[in-house]
Amino acid sequence: MNQDVWNAVDHHFGEAFHPSDDALEAALQASAAAGLPQIAVAPNQGRLIEILARLTGAKKILEVGTLGGYSTIWLARALPPGGVVVTVEYEPKHARVASANIDRAGLSNRVDIRVGAGLDVLPKLHGEGAGPFDLSFIDADKANIPAYFDWAVRMSRRGSVIVVDNVTRGGAIVDPANHQPDVEGVRRFTEVAARDDRVILTALQTVGVKGYDGLAIALVVADP
Ligand code: SAH
Ligand code: DHB
Ligand code: MG
């Protein structure tokens with residue numbers, strides 16, 4: 001098995017189940033043209049978080065790591081009128097590109113972009129009484145996943161879902177010689193979340209157009 005096969009299979013199902021559209025394509029193109037890293041979720045992952053948002057009946061969604069707003073568009077499309085995605089982005093340039101992409105997709109009335117570091121913005125949101133968020137998508141700097149996960153749980157309700165991207169990193173998490181901050185972040189998240197009675201969770205390894213990585217999916221089972 002190799003990357004070419006993974007790409008072909010992703011395209012096979014993608015064409016069938018969720019062919020791309022102008023707004024999503026334009027978001028990717030404008031992001032690339034502006035020099036943003038090309039690390040948005042794959043289309044099937046976008047559809048997955050859309051489905052999870054719809055399953056929870058989401059009216060409020062939290063995202064950490066906006067980039068150019070590609071995943072934000074998938075999430076915002078799952079919302080009923082009056083719903084909102086609050087999305088946190090550290091880089092002002094990324095936030096500006098995202099804002100234009102979200103505007104072009106006709107979703108700016110459903111998206112609230114907060115520019116700042118997740119570790120600053122999430123406590124602020126908590127202090128404002130934001131939430132409870134029905135779905136949270138954690139996809140920013142990986143070293144801070146444990147803290148982002150804790151804030152997401154605190155701003156959840158029983159029945160909320162929390163998705164954490166990039167938890168496998170090509171298998172690096174089980175390589176004892178690998179001590180990169182992102183890998184250590186995922187390991188600490190695993191330890192802490194495993195002991196957290198507020199949630200049940202699992203992790204799925206994925207292959208596809210983004211290579212070999214994975215997602216953790218948590219269900220909040222207590223009233224935080
Ligand atoms: N969710 C996006 C991809 C996000 S990439 C999508 O799928 O389309 C990760 C993003 O997290 C980058 O834009 C990066 O600038 C941002 N980021 C990095 N460190 C951060 C921090 N401390 N707080 C908030 N965002 C951060
Ligand atoms: C990287 C970050 C991501 O969120 C992702 O999905 C893939 C790669 C990265 O920083 O390399
Ligand atoms: Mg990611």
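The values are calculated or read from the model by the stated rules, or taken from the named source; none is laboratory data. Everything quoted here is computed from the prediction, not taken from an experiment. Here the Cβ is made from the backbone with ideal geometry for all residues, glycine too, and neighbour counts use every protein chain on show. Ligands, DNA and RNA are excluded from the accessible area calculation, which covers all protein heavy atoms including side chains. Shrake-Rupley method; radii C 1.70, N 1.55, O 1.52, S 1.80 Å.
Once neighbouring chains are kept in place and the probe is 1.4 Å, which whole percent of the accessible area of the chain is contributed by carbon and sulfur?
The value for the chain is 56 percent carbon and sulfur by accessible area.
How much length is gained on full extension from Lys124 to Glu25, taking 0.36 nm per residue of separation minus their Cα-Cα distance?
32.3 nm
Scan region 144-211 for trypsin sites (Lys or Arg not before Pro) in coil per DSSP, keeping those whose Cβ has at most 11 other Cβ atoms within 10 Å, and list them by number.
Arg195
Using the reciprocal of the averaged 1/r over all distinct C-alpha pairs, how large is the Kirkwood radius of region 108-166 in Å?
12.0
Considering every Cα-Cα pair within region 55-143, what fraction, in whole percent, is farther apart than 19 Å?
I get 31 percent for the Cα pairs in region 55-143 exceeding 19 Å.
Rolling a 1.4 Å sphere over the protein heavy atoms, what is the accessible area per residue of the chain, to the nearest Å²?
Heavy-atom accessible area per residue stands at 47 Å².
Report the Cα centroid-to-centroid distance between region 1-58 and region 145-188 in angstrom, as an integer.
21
For the chain, modelled as a GNM with alpha-carbon contacts under 10 angstrom, which of Val88, Val174, Val64 fluctuates the most?
Val174
As I understand it, the dipole of region 7-74 uses +1 on the Cβ of Lys and Arg and -1 on the Cβ of Asp and Glu, about the Cα centre. Which of Phe13, Ser71, Ile61 lies farthest toward its positive end?
Working it through, the farthest residue towards the positive pole turns out to be Ile61.
If you project the alpha carbons of region 83-217 onto the principal axes, what extent comes out on each, in Å, largest first?
44, 34, 24
Using just the helices of the chain, give the 222 nm mean residue ellipticity in deg cm²/dmol: DSSP H runs with n ≥ 4 each add -39,500 (n - 2.57), and the total is spread over all residues, rounded to 500.
Mean residue ellipticity at 222 nm (helix-derived): -13000 deg cm²/dmol.
Let me test this: with uniform point scatterers at the alpha carbons of region 155-198, what is the Debye-based log₁₀ I(q)/I(0) at q = 0.26 1/Å?
-0.97
Note down the accessible area of Glu15, probe 1.4 Å, to the nearest 10 Å².
Rounded to the nearest 10, the figure is 140 Å².
Taking region 1-70 as the region of interest, what is the percent of Cα-Cα pairs per 10 angstrom bin, listed from the shortest bin to the one with the maximum distance?
With 10 Å bins starting at 0, P(r) equals 16, 43, 35, 6, 0.
Sorted by accessible area (1.4 Å probe), largest first, how do Ile51, Ile145 line up?
Largest to smallest exposure gives the sequence Ile51, Ile145.
How big is the dipole moment of the chain about its Cα centre under a simple scheme where the beta carbon of each Lys and Arg is +1, that of each Asp and Glu is -1, and everything else is neutral? Debye, nearest 20, please.
Dipole of the chain, to the nearest 20 debye: 540 debye.
Ignoring everything but the protein chains, give the 1.4 Å probe accessible area of Leu28 in square angstrom, nearest 10.
Roughly 70 Å² of Leu28 is accessible to a 1.4 Å probe.
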